[in-house]
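The values are calculated or read from the model by the stated rules, or taken from the named source; none is laboratory data. Since the structure is predicted, the reported quantities are computational estimates derived from the model, not experimental observations. Counting neighbours? That spans all protein chains shown, and the Cβs are built from the backbone with ideal geometry, glycine included.
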Amino acid sequence: MRSLSAGALLNRRGEAGYDLALATISAILALTVFYVDTYTNIESAIAVLYVIVLLLCSEILTRRGLVVAASLCAALAIGSYIHTHLLHPELQPFLRLVVSMAALTITTILLLRNEAFRGATLSTNAALRDSEMRYRSIFNRTRVALWERDYSRARTYLLELKSKGVVDLKQYFREHADAVDYCIGLVTTVASNDAAYELLGDIATDRSSGSMRRFIAPGDKTFIDLMEAIFEGRDHFEGKGTVTAESGESKLVLLSIGFPEDPAAFNRVIVGMIDITQREQTQTTLLEARAELTRASRAAVVGAMSASLAHELNQPLGAIVVNSQTLLRWLDRDPPDLGAVRRTVDRLIRDSERARLIIQNTRSLLTQADCKMEWIDLTKLVEETRALMEHDLQRDFVMVDVSEQNEIPKVRAVRIELQQVLINLMTNSIQAMAAEQSFPRKLTISLGSNADGDAVIAVQDNGPGITEQAAPRLFSPFYTTKVSGMGMGLSICKSTLEARGGQLIGYNHPDRGAIFEITIPIEAPHV
Ligand code: ADP
């Protein structure tokens, strides 16, 4: 059996002096009760007062100590009864002893339960404290800029708008210009870490209401997107935006927020920011270089084609001029020599036909440039092309929506050709929309298939649409309405697609904007 050391009985929570004083008072009280119970003639259950002893010393005793103290008190009460009443047993004193024992037992059980509950609460609190410390240390030391922000008031405001019938928050913000600023004013910063300070300087730690106004760059739409995420009850938000640091430097950041399930926890939402300025600059330079290369190669192709056309056409065109002059001479004769006129016209037709064939050949030469046929996943191709165009899209604030109407089968085609066609169509749409000051600028790329099972890609914009004058000449080479246009894009696209058995048509949407529809046969003819 283990011996009962003081350590096993005493609960070392308080100060040693206080514990000793309480133990002494409890012992004196126990002895006093014993004395009064044994040596005086008070006819009542004095032993019940041992309960006070237990209550007093419960604070400094462990569970085991409490059981020992209760046993000692019970022993004292029984000892007192034996000493006083054993020779003359009576019912009344015996009943008083029973009542005292019952009181001691119940008090001990309650104190033991209380002790167990207190132990559990203490360990829960300790675990909570540990967890909070761990969280604080991660929050402070991580290299990601973190904030704890109070979005609860903004959330309440947004939900109020919803209950008043607002469905499209962005539209509401467009119509109520001051509402965004009001929302910014409702958000406060609760805490921020060192990385946040390094990113934005002093303003990162500003706890005042609306402090975010100081670093949200004018015109940045990310805050509105964030409010929309809260408005729609989404569980997280990710976005890219521009912030202005204390130094005035503009930085591009990636924003990430996970919203809590419990609405009450919106007063401490963690917001993470990563500075991607450098990365984005490298990416932009890369994309610009790639776009420059594409432009250069397009210009080179057009240049080569023009040179080849000029060279090849020189001869038939010269012949046409000479034959036309001859024709005029035959016509000027009196009477005109109709037989000679007919022969000359025949020569004119022959030369014109040659010129047409030369143009056709040059075009087909163009489309033969890279003939590696492969199975192409159109959804992927559209995504890749969209990524290539990201810079142009962002520069002109164009949103892209890709939709798939049904299962798109893979097509057999030349990847670079299809991509070039998509780039041309998207570039035309972006330029058409950018020529006007109307927003939002939306480019919709829909993937589907037609009744014959051919794949169809429609590129639709909400720009001014194809003008009446442009419509009949859209696909004619060198037709352009742009100051710096070459007028070759659509013409090359059309011949490229047609050479593979596909099609390109362009028309206007009944409401607004132009639609260019590419049709690609699932299995291209052998070329
Ligand atoms: P370029 O772009 O060099 O002018 P294109 O062959 O690509 O040559 O286009 C020819 C013309 O077709 C353009 O100048 C323009 O007038 C018209 N066009 C092409 N795409 C669109 C569009 N999405 N919306 C309105 N007009 C368009």
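Here is a list: Gly448, Gly463. Which entry is at negative phi and within 9 Å of the ligand (Cβ to nearest atom)? Give the derivation first.
Numbers: Gly448 fails: within 9 Å of the ligand (Cβ to nearest atom).
Only one candidate qualifies: Gly463.
Hey, any hits in the stretch 384-407 for a residue that's in a loop (DSSP other than H, G, I, E, B), surrounded by fewer than 18 Cβ atoms within 10 Å (Cβ to Cβ) and in contact with a helix residue (DSSP H, G or I) (Cβ under 8 Å, 6 or more places away or on another chain)? Can you show your working first?
The initial filter retains those residues of the stretch 384-407 that are in a loop (DSSP other than H, G, I, E, B), namely 389, 396-397, 405-407.
Right, trim to surrounded by fewer than 18 Cβ atoms within 10 Å (Cβ to Cβ) and you get 396-397, 405-407.
Add one more test, that the residue is in contact with a helix residue (DSSP H, G or I) (Cβ under 8 Å, 6 or more places away or on another chain), and what stays is 396.
The answer is yes, given that some residue of the stretch 384-407 is in a loop (DSSP other than H, G, I, E, B), surrounded by fewer than 18 Cβ atoms within 10 Å (Cβ to Cβ) and in contact with a helix residue (DSSP H, G or I) (Cβ under 8 Å, 6 or more places away or on another chain).
Of all residues in the stretch 507-527, exactly one satisfies the criterion of being near the ligand (Cβ under 8 Å from one of its atoms) and within 26 Å of Met373 (Cα to Cα), namely Phe516. Taken across the stretch 172-195, residues that are modelled with pLDDT of 90 or more, in contact with a Leu (Cβ under 8 Å, 6 or more places away or on another chain), of a type in the set (Ser, Thr, Tyr) and part of a helix (DSSP H, G or I) do occur, with at least one present. For the stretch 18-30, the condition holds for no residue, the condition being that it is over 60 Å from the mean Cα position of the chain (by Cα) and not in a helix (DSSP H, G or I).
Among residues of the stretch 423-436 that are closer than 15 Å to Gly487 by Cα, those with a Cβ under 6 angstrom from a residue that is part of a helix (DSSP H, G or I) and within 8 Å of the ligand (Cβ to nearest atom), sequence gap 6+ or separate chain, pair up as Asn424/Gly489; Asn424/Cys493. Of all residues in the stretch 247-265, those satisfying the criterion of being outside any loop (DSSP other than H, G, I, E, B) and in contact with a strand residue (DSSP E or B) (Cβ under 7 Å, 6 or more places away or on another chain) are Ser250, Lys251, Leu252, Val253, Leu254, Leu255, Ser256, Ile257, Gly258. Here the stretch 482-506 is the region considered, the condition is being in a loop (DSSP other than H, G, I, E, B), touching a Ser or Thr at 6+ places or on another chain (Cβ under 7 Å) and within 11 Å of the ligand (Cβ to nearest atom), and the residue that is modelled with the lowest pLDDT is Met486. Selection of first residues in the stretch 211-237 that are surrounded by fewer than 17 Cβ atoms within 10 Å (Cβ to Cβ) and of second residues that are assigned to a loop (DSSP other than H, G, I, E, B), restricted to Cβ pairs under 6 Å at least 6 apart or on distinct chains, gives the following pairs, ordered by first then second residue: Asp235/Phe259.
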